[in-house]
Amino acid sequence: MVPPAGAGPTDRMTRTVLALCDEAPALLAPGARAELAALRASVTEPLRVAVVGRVSAGKSTLVNALIGRRVAPTAAGECTRVVTWYRFGAPDRAQLVLRDGTVHPLPFDGALPETLAVPAERIERIEVFLQSGVLRHMTLIDTPGLGSLDRPGDEAVRRVAIGEGATGETPSARAVEQASALLYLFRDVEKQDDIDFIRAHQAATGPMGSTAAGVIGVLSHADLFGSGPWSPRDPMVEARTVADRIAGDHPALLTAVAPVAALLAQAARTGLVTETKARTLAALQPVETARLQMLPRFGVPQGVDAAAAGRVLHELGPYAVNYARGVAGAGATALQNWLLHRSGLSPVEELVGTRFVRRCIPLTVERVLRGLRGLSRSMPASYEAGARLRDRIEQVELQPAMHRIAELRALQLLAGRSGALARDLTHELDLMIDNDEPWRRLGAARPMSPPELRAELTRRWDRAQTATTTARDPRVGEAARVLTRSYALVGADL
Ligand SMILES: Nc1nc2c(ncn2[C@@H]2O[C@H](COP(=O)(O)OP(=O)(O)OP(=O)(O)O)[C@@H](O)[C@H]2O)c(=O)[nH]1
Ligand SMILES: [Mg+2]
């Protein structure tokens with residue numbers, strides 16, 4: 001994973017927001033203290049990424065593939081109806097966090113139990129602690145499927161992804177439970193419900209929110225796309241086309257859309273690929289595709305174990321049975337590499353690394369400021385105290401240390417804008433957000449001396465300044481204005 005930009009002892013953003021959290025108790029009602037303490041504690045946690053999508057979109061399978069363990073239940077057990085946080089921690093364990101704030105250990109033997117002793121309505125979330133490398137950098141939040149008849153499931157997802165409270169609760173009161181970024185899974189195509197949900201997330205992050213920066217789209221079940229897994233036209237290629245189309249149609253909502261076959265990735269990452277499976281698959285090499293499709297209903301060719309073939313079909317899916325037969329002859333490692341490569345998981349991990357983990361500080365700080373602003377409205381010590389806290393938040397947002405948040409918002413302003421200027425500004429802002437050393441922030445190929453840096457900064461500042469007045473689109477002009485400040489601040493730090 002890519003290390004976060006701006007991290008480490010010099011992280012002024014984190015220190016600034018922690019200091020603001022320390023000022024806040026005096027301005028909030030005593031009842032807000034616990035909420036505030038939890039919000040403050042969340043500043044230094046790994047980035048929270050919620051995996052969201054319709055029922056059976058493949059969310060839990062993707063979570064398992066990312067973690068490298070088959071922990072998230074993918075059958076229709078009770079745990080699939082509860083929000084589950086996967087966090088880094090030892091020893092491996094699980095616990096139930098109830099809505100009344102109490103915490104209860106949960107039996108955990110590497111998998112979550114089929115049933116829970118408490119009704120789902122009383123459960124805030126399940127927390128699973130694992131020593132999985134990816135969890136050092138982010139807490140993955142698996143959510144119940146949207147759009148089922150089971151409304152409490154929807155409500156739980158809205159709480160974590162949008163910050164909506166239960167009836168009678170203000171939205172802000174749940175800010176502490178909220179994720180900072182979303183992986184949104186689409187199955188087949190984007191449906192109106194999917195778009196509505198992401199829009200609601202955008203509305204909740206506020207008009208100046210950075211939704212597109214914080215939402216990566218995933219087109220799931222890529223192995224079943226188009227004409228299907230038995231077709232000679234590779235469904236993965238068709239999924240790529242659809243993913244590109246979705247990204248192109250919704251640039252202001254999604255930072256990118258990647259096709260993924262999480263079933264293949266899960267198999268490759270969780271030890272499901274054995275030499276026996278590779279041999280079984282290789283033995284199917286000579287079988288005609290038409291007959292293969294009838295597996296295991298109409299039997300297997302002589303010499304192939306029917307039960308083993310059934311397991312391969314179940315665990316790796318029909319795409320692997322059709323397309324991986326050739327490579328399986330080279331053994332389990334070759335098959336595993338092939339599955340991982342074809343699954344499309346690595347591009348998703350790359351996106352999560354560059355768009356989320358690397359940007360975890362501004363994404364987290366933005367969420368915490370939003371939470372503080374919410375508390376200033378819902379639980380102020382007095383009307384004046386609430387207004388004072390909002391003033392302080394505004395002042396803090398204008399501090400040089402917090403400029404990365406303005407840069408993220410500027411990216412949002414540019415999302416979906418066409419033209420060379422918008423493209424150039426996006427590129428320059430990306431460099432600014434993702435790097436720490438001044439020469440890297442300017443996209444230079446090698447370190448530069450201070451005079452070289454100053455000359456280049458002046459040139460960039462002039463260009464951005466000109467763009468603020470020449471841009472025909474006011475959003476592009478505003479993004480250019482943010483960039484002029486970026487260059488001025490880099491110059492001031494030299
Ligand atoms: N062929 C194929 N099947 C998949 C893929 N991803 C998931 N599945 C299957 O789809 C079904 C649903 O997967 P889950 O991961 O449980 O989906 P979910 O979104 O977590 O479902 P809910 O939590 O119930 O909303 C399971 O049978 C998975 O094995 C995929 O990429 N390809
Ligand atoms: Mg699930």
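Read-outs: derived from the displayed coordinates by stated rules, not from any lab. Since the structure is predicted, the reported quantities are computational estimates derived from the model, not experimental observations. All Cβ positions, glycine included, derive from the backbone under ideal geometry; neighbour counts span all protein chains shown.
Global dimensions of the range 10-154 from alpha-carbon coordinates: Rg and Dmax equal 16.7, 49 Å. Using C-alpha pairs below 8 Å separated by at least 6 residues, the relative contact order for the chain is 18 percent.
Fewest neighbouring Cβ atoms within 10 Å first, the residues 221, 341 line up as 341, 221.
Size of the range 100-140 from its Cα atoms: along the principal axes, largest to smallest, the extents are 32, 22, 14 Å. Need one number: the % of Cα-Cα pairs in the range 417-494 sitting beyond the 17 Å mark. Of all Cα-Cα distances in the range 417-494, 40 percent exceed 17 Å.
For residue 258, neighbours were defined as the other residues whose beta-carbon sits under 15 Å from its Cβ, and their charges (Lys and Arg +1, Asp and Glu -1) total 0. For the range 347-415 versus the range 425-494, the spacing of their alpha-carbon centroids is 21 Å. Per residue, the Cα convex hull of the range 228-274 amounts to 86 Å³.
Between 0 and 90 degrees, the angle of helix 192-204 with respect to the longest Cα principal axis of the chain falls at about 30 degrees. Scaling the Cα radius of gyration of the range 265-343 by the globular reference 2.2 N^0.38 Å produces a ratio of 0.97. Report, in degrees rounded to the nearest 10, the 0 to 90 angle that the Cα long axis of helix 306-323 makes with the longest principal axis of the chain. With both axes taken from Cα atoms, the answer is about 50 degrees. Computed over the chain, the per-residue total of -39500 (n - 2.57) for DSSP H runs of n ≥ 4 gives a 222 nm mean residue ellipticity of -15000 deg cm²/dmol, rounded to 500.
Each of 184, 108, 406 was scored by the projection of its Cα onto the charge dipole of the chain, and the greatest displacement toward the positive side belongs to 406; charges sit on the C-beta of Lys, Arg, Asp and Glu.
Taking the number of Cβ atoms within 10 Å of each Cβ as an exposure proxy, the fewest-first ranking of 79, 360, 21 is 21, 360, 79. What you get for the range 265-343, charging only the Cβ of Lys and Arg (+1) and of Asp and Glu (-1), is a dipole of about 100 debye around the Cα centre.
Whole-percent P(r), the chain, all Cα pairs, 10 Å bins from 0: 4, 18, 26, 25, 16, 8, 3, 0, 0.
Taking the C-alpha atoms only, the angle from helix 474-493 to the longest principal axis of the chain is near 70 degrees. Along each principal axis, taking the top coordinate minus the bottom one, the Cα set of the range 364-494 gives 52, 33, 22 Å in descending order. Taking label points 7 Å from Cα along the Cα-to-Cβ direction, residue 102 and residue 249 give a separation of 4.8 nm.
Note on residue 22 and residue 390: their simple-model spin labels are 2.7 nm apart, each label 7 Å out from Cα toward Cβ. In a fully extended conformation the segment linking residue 196 and residue 398 would gain 69.6 nm over its present Cα-Cα distance, using 0.36 nm per residue. Compared with the direct C-alpha span, the chain from residue 458 to residue 227 gains 77.7 nm at full extension, assuming 0.36 nm per residue.
You can think of it this way: the chain between residue 333 and residue 465 has 42.0 nm of extra reach, that is 0.36 nm per residue less the Cα-Cα gap. Counting only trypsin sites (Lys or Arg not before Pro) that sit in a DSSP loop (anything but H, G, I, E, B) with at most 14 other Cβ atoms within 10 Å, what is the longest stretch of the chain containing none of them? Between exposed loop sites, the widest span is 298-471. Panel order for 116, 431, 185, 98, by other beta carbons found within 10 Å of each beta carbon, from fewest to most: 98, 431, 116, 185. Across the range 187-329, the relative contact order, built from alpha-carbon pairs under 8 Å that are at least six residues apart, equals 23 percent. Compared with the rule-of-thumb size 2.2 N^0.38 Å for a compact globular protein, the range 340-437 has a Cα radius of gyration ratio of 1.39.
When you filter the GluC sites (Glu not before Pro) in the range 252-353 for DSSP loop state and at most 15 other Cβ atoms inside 10 Å of their Cβ, you are left with 288.
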